[in-house]
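The block underneath contains the structure these notes are about, expressed in structure tokens.
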């Protein structure tokens with residue numbers, strides 16, 4: 001056991017590193033196996049710049065692995081393309097791009113994995129947890145979900161939409177995300193199925209450099225919280241597996257140019273992003289995108305959470321059309337949380353997610369970084385046992 005006197009004898013940077021390491025070990029969630037952010041530029045200073053794609057790339061995984069991606073969890077390659085196989089507890093095969101795009105177009109031709117509780121994903125995610133998703137559930141063979149998050153916030157739960165597509169597990173389909181500072185367009189086999197404008201995203205529009213990640217995992221693993229299992233469609237029976245997602249090919253165009261992208265400040269706004277050796281939107285003069293989309297009539301009847309570090313912690317997630325859950329109709333009204341579990345009587349939540357006390361009480365705004373620092377210090381004290 002590390003003694004308190006030894007801890008106090010460390011240099012300042014070493015003490016901070018020790019606190020950070022212990023806190024990370026204590027609070028790490030199961031889904032951090034697939035995706036996480038090592039340094040959030042809206043909460044921390046000195047985060048490194050992100051390597052930029054700055055051009056276009058394409059990879060046909062039927063020809064083998066691509067040096068454009070970093071593999072984890074042992075995806076394999078065969079005549080179908082990249083194979084992401086879940087066969088047991090903890091399996092989460094993933095390919096993550098070695099670069100980021102600052103607005104752009106992503107196309108992935110793939111078949112989703114079958115199996116109750118199995119989740120296939122193709123996402124764009126930034127260091128400050130902006131996120132644009134395609135997700136498939138193994139128990140919903142004729143559906144795919146589109147979703148988005150700004151800064152990882154979940155102040156409203158009307159974001160996930162459900163789209164019908166025939167035989168996602170037995171037939172290859174091309175799924176596209178076209179992302180600009182003005183809108184996000186989701187397409188299936190070249191047909192636009194959803195459009196989100198920046199003005200309609202209520203301040204949660206993804207707008208910072210994003211990494212591209214594809215992979216699969218078992219949301220239905222029996223070790224996950226009940227809400228996660230429900231969201232993914234039910235408990236996964238690994239004896240029915242293995243369960244494999246196939247990605248035949250991907251094509252990506254970065255709408256910006258340069259060698260790296262950096263946050264100019266902590267606002268999280270696209271106008272603050274700086275490009276080294278290039279220009280934000282320097283490659284944005286592409287072909288026009290069809291923005292005529294059908295009305296969104298299906299959405300989750302519960303809480304669909306961001307992919308990063310939260311699916312495994314979600315206690316109230318549900319999924320439409322799988323695991324016995326039903327699809328609800330999306331009305332024109334915005335569904336907004338006005339209360340959080342455990343919030344004292346009279347306290348409310350604003351449309352931006354800020355907790356507001358009763359009018360008679362003073363408003364208190366505690367930055368998340370202070371909460372994390374306090375938690376880390378407490379964790380350190382508990383693990384050190386305050387030995388002397």
(request) Can you put 212, 172 in order of Cβ neighbours within 10 angstrom, beginning with the fewest? (result) 172, 212
(request) Please give the length that would be gained between residue 164 and residue 39 if that part of the chain were fully extended, namely 0.36 nm times their separation in residues minus their C-alpha to C-alpha distance (nm, one decimal). (result) 41.3 nm
(message) So if each residue of separation counts as 0.36 nm, and I subtract the Cα-Cα distance between residue 265 and residue 200, what length gain in nm does that give?
(response) 21.0 nm
(message) Working only with C-alpha atoms, what are the Rg and Dmax values of the stretch 57-96, expressed in angstrom?
(response) 10.4, 34
(request) Determine, for 151, 98, the number of other Cβ atoms within 10 Å of each Cβ, and report the residues in order from fewest to most. (result) 98, 151
(request) With only alpha-carbon atoms counted, please give the Rg and Dmax of the stretch 127-192, in Å. (result) 12.9, 36
(message) Need one word for the stretch 31-111: rounded, prolate or oblate. Basis is the Cα gyration tensor (sqrt eigenvalues a ≥ b ≥ c); a/c below 1.5 gives rounded, then a/b vs b/c decides.
(response) oblate
(request) Would you mind estimating how fast the stretch 192-258 diffuses translationally, via Stokes-Einstein at 20 °C and 1.002 mPa s with the Kirkwood radius over Cα pairs, in µm²/s? (result) 133 µm²/s
(request) For the stretch 53-197, go through all pairs of different Cα atoms, get the mean of 1/r, take its inverse, and jot down that Kirkwood value in Å. (result) 16.2 Å
(request) Could you list 177, 188, 101 in order of exposure, starting from the residue whose Cβ has the fewest other Cβ atoms within 10 Å? (result) 188, 177, 101
(request) Bin width 5 Å, alpha-carbon pairs only: give the P(r) of the stretch 47-313 as whole percents, running from 0 to the bin holding the largest distance. (result) 1, 6, 13, 18, 20, 18, 13, 7, 3, 0, 0
(request) Using packing as a proxy for protection, rank 129-142, 80-93 so that the peptide with the highest average count of other Cβ atoms within 10 Å comes first. (result) 129-142, 80-93
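Bear in mind these aren't lab numbers, they're just calculated from the coordinates by the rules spelled out. Predicted model only: the values in this text are computed from it and were never measured. Here the Cβ is made from the backbone with ideal geometry for all residues, glycine too, and neighbour counts use every protein chain on show.
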